[in-house]
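Participant: Pasting a structure here, questions to come.
The values are calculated or read from the model by the stated rules, or taken from the named source; none is laboratory data. Here the structure is a predicted model, which is why all the values come from computation and not from measurement. Glycine gets a Cβ as well: all are built from the backbone with ideal geometry, and neighbour counts include every protein chain shown.
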Amino acid sequence: MGRYLFFAFIFCLTVTGYSKIWTVDNNVGATWANFARVDTALKYANNYDTVYVMGSTTVYNDITITKPVVIIGPGYFLDQNAPVPINGGVAAINYITIQRSDVLIIGMQNYSLSINASTTISNVNIRRCYIQNSISISNGSNYEITQNYIGGNISWTYDQVKNIRISGNRVNNITEDGNQLLSNGVIISNNIIFGSITTGCEMIFNNIFMITSASPVINGKNNSASNNMCRGTQLPAGNGNLLNVNLDYDVYITSTSTDGKYQLAQGSPAIGAGLNGVDMGMYAGAYPYIPSGLPPMPFIYQLSATPAGTAQSGIPVSFKAKSSR
């Protein structure tokens, strides 16, 4: 019953128009959904349709996206942050390849994601996803990589990719491959970074660098780097950068949640220390991180119902719901 009520909310949010909603569920006995495979849903979907993928204990098949589409999953780390949807499972896909413009992916979990097309594409948004490995981009423009938990790196080719916004993420390294002599319109802000940034002539601000190595954390020429934080002297002094900060004790709350532990503690030196008085770190800025990558829609987190009813009284059902930002 949880799934039916969950999607009742989804349909209430649908705007009447030409786009259609498709549902995917590979759980045993889930005959209510349109499809059990994501690639099948993409085959039948028209341009700009939305595909909702239910949480499951079984990994979904790999997909290649060749049309403008929206794909939405339930989020991740759902056993660590409350409240979360009652269905509980993640929508996991090992490999996602994007070969078309105008793609939005929200709330999915996957091992690796690549944007790799024979023609130049644009307007791809990867939001609130758990990328266990890395994101790689080979060409195109106007990308947003925001509010994600990325276990590996983000990389792109210098002379083939322009206009990227990387904000509100946990990530290891951010790398621009190439000579890095001219600006490509890249903004890197409000991230938690466990490695370094290698790029040129770009805007880098409000990031917290967790690396313990003494090596510089921003590499390349003519970057505009200000209001970042590190635990040693890996950043240049001045421009609002905070050096020699005790990142193990002074900055974050005490939490056992994988992503929740990067929220700023009361009195944290990162509060208000960013550009224009904005907080540093991934939970602040224009694209603040959302715990568990919950999609921006209502979800049911508590449900109770009697096992039987009558024709006169029906089946009494009570539930509690919340909307993520």
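Participant: If the requirement is being small (Gly, Ala, Ser), in contact with a Gly (Cβ under 7 Å, 6 or more places away or on another chain) and without any contact (Cβ under 8 Å) to a residue 60 or more places away in the chain, which of these qualifies: SER134, SER138, SER118?
Facilitator: Working: SER138 fails: in contact with a Gly (Cβ under 7 Å, 6 or more places away or on another chain); SER118 fails: in contact with a Gly (Cβ under 7 Å, 6 or more places away or on another chain).
Matching residue, one of SER134, SER138, SER118: SER134.
Participant: Something else now. Determine which single condition ARG325 fails, assuming it passes every other condition in (1) loosely packed, with under 12 Cβ neighbours inside 10 Å; (2) farther than 27 Å from THR50 by Cα; (3) at pLDDT below 95.
Facilitator: Among (1) loosely packed, with under 12 Cβ neighbours inside 10 Å; (2) farther than 27 Å from THR50 by Cα; (3) at pLDDT below 95, the lone unmet condition for ARG325 is (2).
Participant: Sticking with this structure for a sec: Residues in the stretch 20-40 that are farther than 15 Å from GLY55 by Cβ, modelled with pLDDT of 95 or more and either of a type in the set (S, T, N, Q) or touching a helix residue (DSSP H, G or I) at 6+ places or on another chain (Cβ under 6 Å) (or both): how many?
Facilitator: Total satisfying the criteria: 4.
Participant: Same structure again: Which numbered condition trips up ASN223, out of (1) within 22 Å of ILE271 (Cα to Cα); (2) in contact with a Ser or Thr (Cβ under 7 Å, 6 or more places away or on another chain); (3) crowded, with 19+ Cβ neighbours inside 10 Å; (4) not β-branched (Val, Ile, Thr)?
Facilitator: Condition (1) is where ASN223 drops out.
Participant: What number goes with the only condition from (1) over 21 Å from the mean Cα position of the chain (by Cα); (2) within 25 Å of GLN99 (Cβ to Cβ) that THR146 does not pass?
Facilitator: (1)
Participant: Hey, among VAL186, VAL171, VAL124, VAL103, which residue is of a type outside the set (D, E, K, R) and modelled with pLDDT under 95?
Facilitator: VAL186
Participant: So if I check each of SER268, SER255, which one is farther than 30 Å from THR50 by Cβ, hydroxyl-bearing (Ser, Thr, Tyr) and at pLDDT 95 or above? Steps first, please.
Facilitator: Working: SER255 fails: at pLDDT 95 or above.
After applying the criteria, what remains is SER268.
Participant: A follow-up question, please. Any chance the stretch 73-81 includes a residue that's part of a strand (DSSP E or B) and modelled with pLDDT of 95 or more? If you could, list the steps in order and put the result at the bottom.
Facilitator: Of the stretch 73-81, the ones part of a strand (DSSP E or B) are none.
No, every residue in the stretch 73-81 fails to be part of a strand (DSSP E or B) and modelled with pLDDT of 95 or more.
Participant: Further question on the same structure: Answer with yes or no whether ILE21 is aliphatic (A, V, I, L, M), touching a residue at least 12 places away in the same chain (Cβ under 8 Å) and either crowded, with 18+ Cβ neighbours inside 10 Å or at positive phi (or both).
Facilitator: Against the criterion (aliphatic (A, V, I, L, M), touching a residue at least 12 places away in the same chain (Cβ under 8 Å) and either crowded, with 18+ Cβ neighbours inside 10 Å or at positive phi (or both)), ILE21 does not qualify.
Here's the yes/no breakdown for (1) surrounded by 21 or more Cβ atoms within 10 Å (Cβ to Cβ); (2) closer than 21 Å to VAL70 by Cα:
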| residue | (1), (2) |
| --- | --- |
| THR119 | no, yes |
| VAL161 | yes, no |
| ASN172 | no, no |
| GLU176 | yes, no |
| SER183 | no, no |
| SER189 | yes, no |
| THR199 | yes, no |
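Participant: Just a yes or no: is a residue in the stretch 286-294 loosely packed, with under 14 Cβ neighbours inside 10 Å, modelled with pLDDT of 95 or more and either touching a helix residue (DSSP H, G or I) at 6+ places or on another chain (Cβ under 9 Å) or assigned to a loop (DSSP other than H, G, I, E, B) (or both)? Step through it out loud before you land on a result.
Facilitator: First, pick out the residues of the stretch 286-294 that are loosely packed, with under 14 Cβ neighbours inside 10 Å: 286.
Retained after the next criterion (residues that are modelled with pLDDT of 95 or more): 286.
With either touching a helix residue (DSSP H, G or I) at 6+ places or on another chain (Cβ under 9 Å) or assigned to a loop (DSSP other than H, G, I, E, B) (or both) added as a condition, the list becomes 286.
The answer is yes, given that some residue of the stretch 286-294 is loosely packed, with under 14 Cβ neighbours inside 10 Å, modelled with pLDDT of 95 or more and either touching a helix residue (DSSP H, G or I) at 6+ places or on another chain (Cβ under 9 Å) or assigned to a loop (DSSP other than H, G, I, E, B) (or both).
Participant: Let me ask something else. Could you please find all residues in the stretch 193-210 being at pLDDT 95 or above and in a loop (DSSP other than H, G, I, E, B)?
Facilitator: PHE194, GLY195, SER196, ASN206, ASN207, MET210, listed by residue number.
Participant: Now for a different question. So which of ILE166, ILE126 is surrounded by 18 or more Cβ atoms within 10 Å (Cβ to Cβ), assigned to a strand (DSSP E or B), within 10 Å of the chain's Cα centre (by Cα) and without any contact (Cβ under 8 Å) to a residue 40 or more places away in the chain? Before you say what the answer is, go through the steps one by one.
Facilitator: Numbers: ILE166 fails: within 10 Å of the chain's Cα centre (by Cα).
On inspection, the qualifying residue turns out to be ILE126.
Participant: Checking the condition under 24 Å from GLY260 (Cα atoms), in contact with a Gly (Cβ under 7 Å, 6 or more places away or on another chain) and touching a residue at least 40 places away in the same chain (Cβ under 8 Å), which residue from ILE192, ILE211 passes?
Facilitator: ILE192
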